1. For the chain, what is the relative contact order in percent, using Cα pairs closer than 8 Å and at least 6 residues apart in sequence?
2. If we restrict to alpha carbons, what Rg and Dmax does the chain come to, in Å?
3. Taking the Cβ-Cβ separation of residue 26 and residue 142 as r and a Förster radius of 45 Å, what is the calculated FRET efficiency to the nearest 0.05?
4. Cα centroids of region 60-93 and region 122-136: how far apart, whole angstrom?
5. With angles folded into 0 to 90 degrees, how steeply does helix 93-102 sit against the dominant principal axis of the chain? Use alpha carbons for both and round to 10.
């Protein structure tokens, strides 16, 4: 069991249970899964871009990415339905906690001029979405092998509402802006 998972099971779950007045242990807020998504801009023109980003995302998450495809054709972008446009990974269990720990402890502090993540990025269901301008802040990325940087979107899916999800992520160590 890693540090953040241990923190959740030993202290955070009990604190949330008492603070929110929850009687059923299964109703305690928790992170269900983390979805990492990268849109590859030049995937249509050059298939090599998709392969390079595939390798990088696999290194970052420790899991093989799934190719995402366009749902509709858009003539202005020279995009056809079912064209490969990006990659995504869904993390659960141990890999999810490992990724969350790496994100909070290593990646976010490495961002230049970092003052915390926005607290307003929660949706009504309590899911938190964080966007990174480039994936070079991850320690696994070898910058010598990469010619183009892409942004990434990280969504933390919880089993609760917006306020309880904020409390959960705050107690797990997510550095929110003041």
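Nothing in this text is a laboratory measurement; each read-out follows from the coordinates by a stated rule. Only a predicted model underlies this, so the values are computations on that prediction, with no experimental measurement involved. Glycine also receives a Cβ, built like all others from the backbone with ideal geometry; neighbour counts cover every protein chain displayed.
1. On the way: 272 pairs, mean separation 53.2, N = 178.
For the chain, the relative contact order is 30 percent.
2. 17.8, 55
3. Working: r = 43 Å, r/R0 = 0.94.
So the FRET efficiency works out to roughly 0.60.
4. Rounded to whole Å, the Cα centres lie 17 Å apart.
5. 80
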